[in-house]
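Chemist: Handing you this structure, nothing more for now.
Where a number appears in this text, it was derived from the coordinates with a stated rule and is not lab data. Since the structure is predicted, the reported quantities are computational estimates derived from the model, not experimental observations. Here the Cβ is made from the backbone with ideal geometry for all residues, glycine too, and neighbour counts use every protein chain on show.
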Amino acid sequence: MTRVANFSAGPSVLPVSVLERAQKELLNYNGTGMSVMEMSHRSQDFQEIMEEAEALLRELLKIPDNFHVLFLQGGASLQFSMVPFNLLTTNHKADYIMTGSWAKKAIAEASKLGDITIITPTNPLTEIPSYNQESFQFDADYVHITTNNTIEGTRFSELPNTGTIPLVADMSSHILSEEIDVNQFGLIYAGAQKNLGPAGVTVVIVREDLTNKAFTSCPTMLNYQTYVKNQSLFNTPPTFAIYIMKMVLEWIKELGGVTVIEQQNKKKAKWLYDTIDQSKLFNNHVHPKNRSIMNIPFTADCEDLNKEFLQKADEKGLKNLKGHRSVGGMRASLYNAMPFEDVKKLTDFIKEFERTYQQ
Ligand code: PLP
């Protein structure tokens, strides 16, 4: 069976070499005679997997020692609640920059626990302006942003300057896709199922001083301190997902790390944006400075044409190109593991479709 070109926004394509290794080790991991799925999370073999996963993430993102790396469950969506439970605790005020559907969900959860000020860009679907200290409440407990907006296809090209107020970022759809300076953040979170591995594990990178501020009423499982004290082993972690994530991190390291991945991602995204920009049928409306390099929406003016494109693309093995229902049209997600050949297949198909249409 040949693999299709999978443009899914998540869960999404994984490196073939990682899947093959998982397949090889499925019944007998490292001579243990059992699968990682069947192994105690307190066994030596699994402990090593966890430690290596953390060490690799620290190395790839250059995470400073005063940050904890936590492996949690509940997806990025649970972080929408965990963040306020842990951080909205001093002045009970936070600022959220509203850049799309996921930011809106984060705002909805935080609003249950404190006083949230929503900052909405003038054209949230197409442009994210720059923000400086004056843009925020001086006594906010934190400022929350969604650095890459999976549905809208926008990305912060410039981080807000929040001064001493901790910056909290949902990086679910572009973590490890480009270099970041972890020191600019108080907390970063990401569900794994796009750039890190399979669904099931959520990574939180949090500055030490932000891990002991939770409300006293905060449930144990929602308190970062629980995971800090127990090295993410307070209860059974998503063992198989962490094992695959470790291999994805090894794959990134072998490729040359985040610098190389970033160059590759920018090249893949440029191929597609250039094709769309040269097209007479399709458009991407995002301001060039805020164009995501991971999620690229494009649409024709006519709904029938979008439908026809999606159907023909699907027949050609170009899968999961349908845009999110709130945006319509198409969306190609080009995460780290998306092969160059598959992006080429898509750009060739767009050109071919346009030629046939014009005849
Ligand atoms: N935040 C962003 C930016 C996302 O893209 C997603 C999922 O696509 C989520 C949050 C929700 O993630 P999860 O399904 O892991 O809760």
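Chemist: Within straight cross-link reach of K93, meaning Cα distance under 13 Å, which aspartates and glutamates are found once same-chain residues fewer than 8 apart are removed?
Modeler: Excluding near neighbours in sequence, the set is D115, D139, D141.
Chemist: Could you list, in their original order, any pairs among K213/K266; K104/K266; K112/K266; K24/K316 whose Cα atoms are separated by more than 32 Å?
Modeler: Values: K213/K266 38 Å; K104/K266 28 Å; K112/K266 38 Å; K24/K316 30 Å.
Those over the limit are K213/K266; K112/K266.
Chemist: Using alpha-carbon positions, what is the distance between the centroids of region 197-237 and region 245-276, in Å?
Modeler: Taking the Cα centre of each part, region 197-237 and region 245-276 sit 29 Å apart.
Chemist: Over all directions, average the projected area of the Cα convex hull of region 266-325 and note it in nm².
Modeler: On the way: hull surface 18.0 nm².
Spelled out: convex hull of the Cα atoms, projected over all directions, averaged, 4.5 nm².
Chemist: For the chain, list the DSSP H helices whose alpha carbon atoms reach 20 Å or more along the long axis and whose average Kyte-Doolittle value is 0.0 or above?
Modeler: 239-255
Chemist: How large are Rg and Dmax for region 257-358 when only the alpha carbon atoms are used, in Å?
Modeler: Every Cα atom of region 257-358 included, Rg and Dmax give 13.2, 43 Å.
Chemist: If you wrap a convex hull around the alpha carbons of region 16-255, what volume per residue comes out, as a whole number of Å³?
Modeler: Details: hull volume 28.5 nm³, N = 240.
Taking only Cα atoms, region 16-255 has a hull volume of 119 Å³ per residue.
Chemist: Here's another thing I want to ask about it. Given K319/K345; K194/K280; K194/K319; K280/K307; K267/K344, which pairs have Cα atoms separated by over 22 Å?
Modeler: Values: K319/K345 11 Å; K194/K280 31 Å; K194/K319 16 Å; K280/K307 17 Å; K267/K344 11 Å.
Pairs exceeding 22 Å: K194/K280.
Chemist: Still on this structure, please answer the following. Taking amide H positions as placed in the peptide plane 1.01 Å from N, state which residues far from I296 in sequence (5 or more) or on other chains have amide H under 5 Å from it.
Modeler: Close amide H contacts, sequence-distant or interchain: A332, S333, L334.
Chemist: Using a 10 Å cut-off on Cβ atoms, rank the peptides 243-252, 161-170 from the highest mean neighbour count down. Walk me through the numbers before you get to the answer.
Modeler: Numbers: 243-252: 22.5, 161-170: 19.6.
Going by the mean number of other Cβ atoms within 10 Å, highest first, we get 243-252, 161-170.
Chemist: Ranked highest first by average number of other Cβ atoms within 10 Å, how do 25-32, 183-190 line up?
Modeler: Ranking the peptides 25-32, 183-190 by packing returns 183-190, 25-32.
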